[in-house]
Amino acid sequence: MLNEAMSDRRRSPRRTPASDEPLSQVRLRAGRQLEVINVSDTGLLAEGEMRLLPGTHVDVHLVTAEGRLLIRSRVVRAFVCRVSWNRIDYRGAIVFERPVSTDAVGYPIPEAAEPSNAPSGKPYPDRTVTSHTFNAEPSSP
């Protein structure tokens, strides 16, 4: 029974995005930026200065392998995670209304092309140089 309670009940595996990855930060439609703690295809855990209220719907701007997306989402859990004299930070679990591919976005390195023995390009056309002489003195009538 203890093993069942300790089992992971998540719908999809989570991962922590790298700090230079576009998914490490998301923006809500209201304009507030949130730092992503972990992300999966069905939701994310984020924290920031934006007050998150459980049960509310939010629109989240994401940058994924599919491109820039605006995903309708719902806050399922939230709590105050940090308090200072001038700021209150919230941490909240946000569930997407539809699954989104949140795989790490990377740019593939192109494979090196094999050198070819064929000459590249075409040579310049052969032109004959003609010289023109100009008379610097004005002609008299």
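Throughout, read-outs are computed from the coordinates displayed, never taken from laboratory work. Computed from a predicted model, the values in this text were never measured in an experiment. Positions of Cβ are backbone-derived with ideal geometry, glycine not excepted, and every protein chain shown enters the neighbour counts.
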- Rounded to whole Hz, the Karplus (6.51, -1.76, 1.60) HN-Hα couplings of segment 94-104, x for glycine and proline: 10, 9, 6, 6, 9, x, 10, 6, 10, 4, 4
- Message: Please list, in order, the residues from segment 41-57 whose amide nitrogen is less than 19 Å from a point placed 7 Å along the Cα→Cβ vector of S19.
- Response: 46-49
- Note on the structure: Nearest-0.05 FRET efficiency for N38 and D89 at R0 = 25 Å, using Cβ-Cβ distance, is 0.90
